[in-house]
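Here is the structure we will look at, set down as structure tokens.
The values are calculated or read from the model by the stated rules, or taken from the named source; none is laboratory data. Bear in mind that the values here come from a model prediction, so they are computed numbers and not experimental data. Cβ atoms come from the backbone with ideal geometry, glycine included; neighbour counts cover every protein chain shown. The area values use the complete protein model at the heavy-atom level, side chains included, leaving out ligands, DNA and RNA. Shrake-Rupley method; radii C 1.70, N 1.55, O 1.52, S 1.80 Å.
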Amino acid sequence: MESLCAVVYVRLSRSTESSTSLARQEAACRAYAERRGWTVLRVFRDCDVSGGEAPGERPGLRDLYESLPHCDVLLTWRADRIARSLVHFSSVVEACGAASVRLVSVEDGWDMSTTHGRFAANVLMSFAQFERELGRERAVSSQSYLRKSGRWTGGRVPYGLRPIPNPEGAGKLLVRDERAVPIVRELAERIMAGDAPTRIAADLQSRGVPAPRVHNSTKTDPVPSAWTHKSIKIVMTSQTLLGRRIEHRTGKVICGRGGPVEFWPPVVTEAEFACIAQYFDAGYRPRRPNRPSHWLHGVIICGVCGRKLKRSESSGAETFRCLGPLTAPHRGVSIKGDILEAWFIAELRERLRDAPVVEHSYRPEVDREDEIKRLRVYLDELLDDRRSGMFSTPEAVDVFRNEYRLASSRLKACQQQPRISGGWEVRAAAQSLWDAWDGWLPEERGTYLIGCAVRAVVNPPPRPRARVNASERCVCDLGDLAGFDHAGPG
């Protein structure tokens, strides 16, 4: 019986009651290895990953590639767990061949180290790829049939429609959503009256009208979403408002002999729809070039919601402000740019007056677990060879003792070495911060502060429009530079 080191690879596209779970695949591979006296070093898993994905796109299989040089056998439950494409399967076989690793399929009963095993594997993979392509064709054919029969094929439901069970059989149909019709009519009337979509979106949001994604969601706790200019445009330029449907392949309106086919009762007239479409087409102007970002952008944080403050201009004065996200607006937080900048630089100079420039370096993780397992297996193999009589001559005994002593010493050293987690380290450079600061461009100053996690938190004043000093409502968080703080927060 061979004493070999094996790794196991298991994969599952979707976890269902009828599928062979990862645990069952692993148990079958471990039982196979135990019957042959092989040692399973590690199990690599890919859950909710399709067999059509390339090996490099699967986390488990990608990690497995790095461990191939340390094992003798790669065990898998079936060939289609490795891949469902001949090209992808061949790449795994080549990687195993380059590392001198045997690829064994437990359920299929073949071993890639033999000629017959390689032939059987290639035949099975051809059938697996054929089955996958047939499944794709069946899915496409099924969706095409559902569309032709007027049934819903799944996906995001257009606003103004809702799915219901098909009264004539299996599947679902889309019908007009009476709850959304009043909202669509309000949008149409307000847009034709000249109301701005952004103002309409803010009004709907303040009234608590669910946004399209929330309104059409089938989940009990949908992800929060807000009305925006874009969402209103998508809703109001959809052909479904006229009761029409778009053909899936061509992207054109489905027509009959007399013109477009009406699948649902229209919500707007053709004249209203044309007017709204013209409004959105005419509303887009060439975008002005973006202004250069302020060097403090990304450093200034709202003390209420934690978002970055945005720059704006009012009466020629630069201001940073935050009103919160659309889904959870709060009382406005704003501060004049020149006041904030003067306070922030003074605060940094006071608290970091003797600070050096810091550099960030990445410390790799040190974990000897795999090396410890490999050395233990190697020592067991040496003992087995010694008991079997392979080291029988005096010269061979000396070789055995020397090899066993070296491996034992290496194992002891690995066990005594603690595991060191990887991460970023901050190291002080020789140059003074303020010597470098005076030579930096504003953009370089901002980049350095962001890299050191330095933040200026701006809180709202105690009373609306109250005039207070920046030091009374702003807090400076020095981040990675806190170790050089001499004054403490002011």
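Using the per-residue mean of other Cβ atoms lying within 10 Å as a proxy for protection, in what order, highest first, do the peptides 203-216, 404-417 fall? Display every interim value, and only then the final one.
Working: 203-216: 15.8, 404-417: 13.1.
The peptides rank, most packed first, as 203-216, 404-417.
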Percent of Cα-Cα distances greater than 21 Å, calculated over segment 362-490: 68
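Extension gain Lys310-Lys373, at 0.36 nm per residue separation less the Cα-Cα distance, in nm?
On the way: separation 63, 0.36 × 63 = 22.68 nm, distance 5.39 nm.
Length gained between Lys310 and Lys373: 17.3 nm.
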Cross-link reach list, lysines versus Lys233, counting only Cα pairs under 16 Å and skipping chain neighbours closer than eight places: none
Nonlocal amide H pairs with Leu103, under 5 Å, H built at 1.01 Å: Leu74, Met112, Ser113
Trypsin sites (Lys or Arg not before Pro) restricted to segment 28-123 and DSSP loop, no more than 11 other C-beta within 10 Å: none
Reachable lysines, given that their alpha-carbon falls under 19 Å from the alpha-carbon of Lys412 and they are not under 8 places away in the same chain: Lys373
Sparse-neighbourhood loop sites, chymotrypsin sites (Phe, Trp or Tyr not before Pro) in segment 63-98 - DSSP loop, at most 14 other Cβ within 10 angstrom: none
Accessible carbon and sulfur surface of segment 322-368 relative to its total accessible area, %, 1.4 Å: 53
Spatially proximal lysines relative to Lys230 (Cα-Cα < 29 Å; intrachain offsets below 8 disregarded): Lys172, Lys219, Lys252, Lys308, Lys310
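Would you mind getting me the FRET efficiency between Leu326 and Val181? Use the beta-carbon distance for r and R0 = 22 Å, nearest 0.05.
Values: r = 24 Å, r/R0 = 1.09.
So, using R0 = 22 Å, E works out to roughly 0.35.
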